[in-house]
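Single-structure report; data block below.
The values are calculated or read from the model by the stated rules, or taken from the named source; none is laboratory data. Given the structure is predicted, the values throughout are model-derived calculations rather than measurements. Using ideal geometry, Cβ is built from the backbone for each residue, glycine included, and neighbour counts are taken over all protein chains shown.
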Amino acid sequence: MPITEQQLLQILPNASQRAGVFVPALNRAMQRYKIDSPVRQAAFLAQIGHESGQLRYTREIWGPTRAQNGYEGRKDLGNVEPGDGKRFMGRGLIQITGRDNYRKVAAALGIPLLSSPELLEQPEWAVTSAAWWWADRGLNEIADSGDFEKLTRRINGGLNGLDDRKAIWERAKSVLGAA
């Protein structure tokens with residue numbers, strides 16, 4: 001079921017400047033990756049809402065911080081060339097990070113991310129990469145189960161921002177009729 005701009009703004013009230021740009025991309029990506037029930041959509045919107053600061057950020061805020069400096073040379077991320085850490089910083093609504101992850105998303109979406117990583121900052125690709133990542137990791141099924149903490153751990157690696165994620169999730173469930 002498609003969402004409207006009005007619904008998105010009820011769920012992510014701080015997205016007012018960008019909601020209209022994101023709604024068509026969200027609807028296309030959610031349909032493509034079967035994020036197609038109110039339960040799945042509420043969970044997806046809660047997670048991307050938190051990860052992106054309510055659609056304000058499609059690129060990691062770069063300090064660089066100590067953690068960001070640690071991206072450089074991280075073989076587990078595929079960052080094997082000098083400059084890969086910053087070049088393949090977190091982008092998209094779920095913050096795709098590292099050369100290997102960019103390679104996987106590029107192959108799945110058919111876009112040249114290794115030569116143009118900034119494409120993930122554009123609303124269409126920011127949303128589509130997040131929805132692909134979501135589906136690729138079986139998160140629809142976890143959303144269906146209602147285990148929001150497990151879902152958060154799969155996205156974040158922990159429970160960072162859990163209160164904000166849950167607040168957005170509750171709004172989304174109410175607005176989309178998943179409550």
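Counted as qualifying within the range 47-153 are the helices (runs of 4 or more DSSP H) with 1 or more residues that are closer than 22 Å to K34 by Cα, namely 99-109, 123-136, 139-145.
State all residues of the range 127-152 that are within 21 Å of D164 (Cβ to Cβ) and more than 15 Å from the chain's Cα centre (by Cα); if no residue qualifies, say none. Across the range 127-152, the qualifying residues are I142, G146, D147, F148, E149, K150. Restricting the range 66-113 to residues that are surrounded by fewer than 16 Cβ atoms within 10 Å (Cβ to Cβ) and basic (K, R), which is farthest from I48 (Cα to Cα)? Per the stated criteria, the residue is K75. Per the conditions (1) part of a helix (DSSP H, G or I); (2) touching a Lys or Arg at 6+ places or on another chain (Cβ under 9 Å), the sole criterion not satisfied by A178 is (1). I want to confirm something. Restricting to the range 3-19 and keeping residues that are exposed (fewer than 15 other Cβ atoms within 10 Å of the Cβ) and modelled with pLDDT under 95, which single residue is farthest from V175 (Cα to Cα)? Going through the qualifying residues, I end up with Q17.
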